[in-house]
Structure formats: C-alpha cells, structure tokens
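Heads up: the structure comes next, in structure tokens.
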Amino acid sequence: MNVKAVSRNVGLALLVSSLFMLLSVVVSVIYGMDSAFGALSISFIITLLFGAFPLIFVRKSQPIGLQDGFVIIVLSWLLSFIFGMMPYVMWGGEMSIADAWFESVSGFTTTGATILNDIESLPPSLLFWRSCTHFIGGLGVVVFMLLIVPSASPFRQRLTKIEVSSLFRETANMQSRKLVYVITFVYLGIFLLATVSLYLAGMPFFDAVNHGLSLCATGGFSIKNASIAAYDSIAINVVSLLIMIVATTNFVLIYSCIIRRSLKPFTSSHTVRFYLTSLLVTSAIVVLSLRFQDGGMSWGKALSDGFLTTVSYMTTTGFTFADNSSWPFLSCIVLMYVSVQCATAGSTSSGIKVDRMMVVFKSIHRQILSNLHPSATRRIKLGNSYMPEDHVLPILLYIVLYFIIILLSTGLLLTSGVGGTEAVSGSIACLGNVGPGLGEISSTGNYDAMPVAAKLIFTLDMFLGRIEIYPLLIAVSLIFKRDK
C-alpha cells in the first residue's frame, strides 16, 4: 500500500470537513458567539492541522493503485466521522462519546437517525454543523476531494470509478472529470432550489438553509424536535415532497433535462418510470391501509400522512410528517419494503435502489419463461438495450449480501437487548440510510434508548449502506492480507 499517497488524499478529505467547520464558526459569530463557538473553533483548528500536515510534509508520490483507492475511500469516511464528532463531544450537552459518534456517522452517511431528545436545545452553530455533515455526506467526502484534485490527474479517474456506484456509471457515459462536475452542479442546484422554495413557503431563512442542506442530501436532520411537522404548513410539505423526489432522481438525467431544456430524458427513462410507479403504488397501499384499518383515518389525513411518510421513507430522507408509531401492520410492512428498495442510482438515495430491483423482477420473469420454453434464449432488456449477462450475477449477489447483513445485524441487535421490532426495522433503516424505523425508533422516536453496543452496530450498518458494502469489505481484507 502506498502510505504517502493515501495520507495525502485522506488529508484532502479532512480539509473539506474543516472548511464547513469554519462556516459553522462564522454562524456562531453571527449569533453572538453562541455556546458552541469554542468547541467548533478548536475542532476546526485540529481538523485543519491533521488535514494539512500530510500535504505539507509528505511529497507527492506515484499514482495510486486500485487497492490504495479503496483504502483512501474507507479512511476518508472513517476519519470524517471521527473528526466530525469532535464539536459534539467538546460542546457536551446530553451527548456521550458513543452518542456523538452515532450523530456524526448518521450525519455524514445522510441517515438522519438521531439520539437527541431535545434538538432545539442545541445552539444555532452546532445545528448548522449537524446539517453540514449531511451536505458533505450527500455529495460524498470523496467527490468533494475530487473537486480539488487536478483534472489531468490519473488519480481522479481511478477513484471516481471506485467511489461512484457502478449502476450510475452505466447510465453516465462521460469522463470522470465531467461526471464529478455534473454531480456537483445538480447537487448545488437542488440545495439552492430547496432553500429558496422553503423560504418562500414561509420557513425562516436559517431554518430554510438547514432543511435545504438536509433535503438535497435526503438526510433528514431537522432543527426542530417535531421535524417538518413542526411547521404545520401545506406549502412547506409540498415543497419538501417535490425536492425529495427530485433529489432521488438520477443526476445525469436532471442535467440532461437542463441542458436540452426538455423533460424527454426524464419521461423516457424506464428507471424513473419504475421508480415513480412503485412510489405511487406503495403510497396508495399505505393510504388505503390508514383509511380502512384499525378504525381508520379521514381521507384527507390518510392521504396526507400516508403519501408524505411513504415518500420520506422511500427517498431515505426520513423527515417526520406524521406519527407512524401506531400505524396498521400493513402500512409498516410497506414502509419497510420501500426502506429496502429506496430510489434511483446516481442520486443521494441509498438502499438496494430501483435499478437493481428492476433487474431482480426481470430475472424472475426470465426464469419463469425459461421454464416454460427451455430451448429459448432470453436476455434481460432495460429500456432499449440489453443488459450483458456478466452484469446480472453481481447485482443479484449484492442483493443477497445486503439481506445477509440485515440478518446478521438483526441477530447482533437482539443479543444486545434490542426489541424485535426495533432490531429488524433499525437494521433495514440504517443500512438503507433511511433513519426512522418502527416501534421506539419510528418517525417520532429516536435511538437514544438503544444500548451502546446497538448504537455501534447501527453505525456500522449506516457506513456499509453509504459506501455500498464492497469498499469496506475490500479495505478490511487488504488490512489482514499477508503477501506470500
């Protein structure tokens, strides 16, 4: 492993975090040097020094290899978690070290799960830093780093291929340099659109900025204890709904629509059609369940609560629009399904993604037809093109691995003292970076009552879900690998 190359590029990732810490210090000054000024200032200095040290004292080395790239990605995320928890630890409040770690990982992975019982007790600057972790994690620590790396560097192309989902690369036939800029352009555009729209809908400016940072990352951190429900505004709910759907649509398609000034790339995408159809179908099931089961709600409340909550779960945003802790069993099952499937590749969504689910359904259909007509040769068709056979098996194996991790995580959580509902739904919600689950960790609950061991398991799920499992497994295998 090229230690020099790894240390220099991980240092770049820490500089990204230090920049947003500095912005949080500025917010503290604007609000009269609130109680988090010292914690954020010290955290900024420490993070800046650790990030700049390898850039100053380590000479540029040879281009990285494939193994180095995986190590850089994993270490960049892990060190961002560690340095990102420092403001929480130094500020104190109700956070222990384990809680600060949980909040930091949840922020950077855009999970949005929290251990805070009184979010509004945090000073404005710490609330802003909390939202910034979503913004950094939504675009990606490594993508931020690639914006700094010279465009001619071979490192950029190699690391882009590792960091960006393979599903996304298949739909984005462009050079790594342009791909990074397209992702960034669309991401910033969604943030600005969300912030301005929320402000015009009646949300205070500071609140709009924080929720804009969360919405573009589909993260779910709010500065209110009751989340979006605290504003009790139809206009804010509608804006949040639209931004959640846009932010979980393939960024390249959004970019194509902007460049062509046409919705044709969007409407002609088979993936988008599948995504929107599944969103409407699952929302309808939840709405009908709320209307007719367990006493039932009025049509208006069932439509509002059911649709908004389903979209919040499927887009992995996790904002609270209603209390779902006592919803009918069918509604809860549907919410867990959408927490597994989630939205499209090439967006801020996590989970298995609809792109892979399409391959699963088409593979099942092909297998049925193959049994009926054994001599026929059938290939999986996505849109107007056929998927290469060697691409199908890795997708199916990834889904199998995904469910194995859910099972293992659930088993470990049960042994640590977590209830069955919370163990299953928490594993699904954290691995899918959704945030809320069911039971005590439903939309109006939090993870504060979970044992320390359970919080560590949940954060591992968040990390695995954010980087799509394989990079972490590969990095761990490299650490324990012994050259013969």
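The values are calculated or read from the model by the stated rules, or taken from the named source; none is laboratory data. Since we're looking at a predicted model, the values are computed, not measured. Please note: Cβ atoms are built from the backbone with ideal geometry, for glycine as well, and neighbour counts cover all protein chains shown. Ligands, DNA and RNA are stripped out before the accessible areas are found, and what is left, the full protein with its side chains, is counted by its heavy atoms. Shrake-Rupley method; radii C 1.70, N 1.55, O 1.52, S 1.80 Å.
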The stretch 426-466: number of residues that are open to solvent by less than 10 Å² (accessible area, probe 1.4 Å) and among the acidic types (Asp, Glu): 1
In the set ALA343, ALA302, which member is assigned to a loop (DSSP other than H, G, I, E, B) and either open to solvent by less than 10 Å² (accessible area, probe 1.4 Å) or in contact (Cβ under 8 Å) with a residue 40 or more places away in the chain (or both)? ALA343
Taking LEU215, is it in a helix (DSSP H, G or I), open to solvent by 50 Å² or more (accessible area, probe 1.4 Å) and at pLDDT 90 or above? no
Quick one: which of LEU55, LEU79, LEU66 is modelled with pLDDT under 90 and within 25 Å of PHE480 (Cβ to Cβ)? LEU66
Residues of the stretch 97-118 being out of contact with any Ser or Thr (no Cβ under 7 Å at 6 or more places or on another chain) and in contact (Cβ under 8 Å) with a residue 40 or more places away in the chain, which ones? ALA98, ASP99, THR109, THR111, ILE115, LEU116, ASN117, ASP118
When both residues are 6+ apart or on different chains and their Cβ atoms are under 7 Å apart, which pairs have a first residue that lies in the stretch 1-15 and is closer than 12 Å to LEU75 by Cα, and a second that is among the hydroxyl-bearing types (Ser, Thr, Tyr)? VAL10/SER76; ALA13/SER76; ALA13/SER80; LEU14/THR47
Of all residues in the stretch 83-115, how many are more than 24 Å from GLY11 (Cβ to Cβ), part of a loop (DSSP other than H, G, I, E, B), open to solvent by 10 Å² or more (accessible area, probe 1.4 Å) and not acidic (Asp, Glu)? 6
Selection from the stretch 379-413 of residues over 30 Å from LEU456 (Cα atoms), among the hydrophobic types (A, V, I, L, M, F, W, C) and in a helix (DSSP H, G or I) yields VAL392, LEU393
Condition (residue is part of a loop (DSSP other than H, G, I, E, B) and surrounded by fewer than 18 Cβ atoms within 10 Å (Cβ to Cβ)) applied to the stretch 36-43: is it met by at least one residue? no
When only residues in the stretch 395-425 that are in contact (Cβ under 8 Å) with a residue 12 or more places away in the chain and over 19 Å from ILE441 (Cα atoms) count, which is surrounded by the most Cβ atoms within 10 Å (Cβ to Cβ)? ILE395
Give me the helices (runs of 4 or more DSSP H) completely within the stretch 218-271, filtered to those with at least 3 residues that are open to solvent by 50 Å² or more (accessible area, probe 1.4 Å) and at pLDDT 90 or above, ordered by residue number. 234-247
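Output the residue which, of all residues in the stretch 346-373 that are aliphatic (A, V, I, L, M) and open to solvent by less than 10 Å² (accessible area, probe 1.4 Å), is farthest from the chain's Cα centre (by Cα).
VAL359
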Please find, within the stretch 374-388, the residue that is nearest to ALA454 (Cα to Cα) out of those that are open to solvent by less than 90 Å² (accessible area, probe 1.4 Å) and without any contact (Cβ under 8 Å) to a residue 12 or more places away in the chain. PRO388
Take the residues in the stretch 7-35 that are small (Gly, Ala, Ser) and open to solvent by 20 Å² or more (accessible area, probe 1.4 Å), then tell me which one is nearest to HIS134 (Cα to Cα). SER35
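Being under 22 Å from the mean Cα position of the chain (by Cα) and either β-branched (Val, Ile, Thr) or closer than 30 Å to SER326 by Cβ (or both): is that true of THR282 here?
Yes, satisfied.
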